[in-house]
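Working notes, structure below.
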Amino acid sequence: MKLFSHASALLLTGLSLATALKFDIAAQPAHLLKPRCIRNYVGAETLVVVTATLSGSKGDGQTVNIDIKDTVGNKYGKTKDAVGETRMAFTSHAEAAFDVCFENILADGRKLGLARSVELDVDIGADARDWNAIQAAEKLKPVEIELRRIEEVVSEIVNQMEYLRRREQKLRDTNESTNERVKYFAVAVMLTLVGLGAWQVFYLRAYFRSKHLI
């Protein structure tokens, strides 16, 4: 039983959709501000939990703002003057990439060189759910809850593969449609050139005859 539990945990680690990232973001004057964004893809109606842990403290001359939005215009949350651990959860509205953007504003009168360290965790789908709470509520055994997690992760992978298949089909259809249009355009150009050449021959023949050259 323990071996099965460890194997299940290892499989979950391999299938995990969570991402973790550490980086520093330098403080910049407001007029030179360039947000730093981390992008992830998410399917429609998928739970996402974003956890950002920042160094520093309020009043240290830096103001870090966090903004979450996707590439189709949906906005999922914004936190101003974030310090310590900040946690934001949302359910996606569309199949699209979403950005977690950080901006670090340097306070007036402060010199350049200040920075905040950021540790970012993005949990998507099954990884975003509170499995401990589910286990307690449904009184499930550890093996049962791990099987539930595996089932959800595999389901998400299947959905992702289906999305990629649909996207590949759409790209193939677009490519075939473009090829057809290019072919028709090439035929039209050839017919135009042939027609223009024939017109030039008749025009020159008529011109030379009018000048009694032929």
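For the reader, a short list of remarks on this structure follows.
- Qualifying residue in the stretch 163-179 (condition: of a type in the set (Ser, Thr, Tyr), at pLDDT below 90 and not in a loop (DSSP other than H, G, I, E, B)): yes
- So ARG129, is it at pLDDT below 85, surrounded by 10 or more Cβ atoms within 10 Å (Cβ to Cβ) and in contact with a strand residue (DSSP E or B) (Cβ under 9 Å, 6 or more places away or on another chain): yes
- Residues of the stretch 52-68 satisfying the condition of being crowded, with 17+ Cβ neighbours inside 10 Å and either hydrophobic (A, V, I, L, M, F, W, C) or modelled with pLDDT of 90 or more (or both): ALA52, LEU54, GLN62, THR63, VAL64, ILE66, ASP67, ILE68
- Hey, ALA126 under 30 Å from GLY43 (Cα atoms), of a type in the set (Gly, Ala, Ser) and touching a residue at least 24 places away in the same chain (Cβ under 8 Å) or not: yes
Condition check ((1) of a type in the set (Gly, Ala, Ser); (2) over 19 Å from GLU45 (Cβ atoms); (3) touching a His at 6+ places or on another chain (Cβ under 8 Å)) across all residues:
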{"site": "SER117", "(1), (2), (3)": "yes, yes, no"}
{"site": "VAL154", "(1), (2), (3)": "no, no, no"}
{"site": "LEU164", "(1), (2), (3)": "no, no, no"}
{"site": "ASP173", "(1), (2), (3)": "no, yes, no"}
{"site": "VAL187", "(1), (2), (3)": "no, yes, no"}
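- The stretch 110-119, residues that are in a strand (DSSP E or B) and either out of contact with any strand residue (DSSP E or B) (no Cβ under 6 Å at 6 or more places or on another chain) or crowded, with 19+ Cβ neighbours inside 10 Å (or both): ARG116, VAL118
The values are calculated or read from the model by the stated rules, or taken from the named source; none is laboratory data. Predicted model only: the values in this text are computed from it and were never measured. Note that each Cβ is placed from the backbone with ideal geometry, even for glycine, and that neighbours are counted across all protein chains shown.
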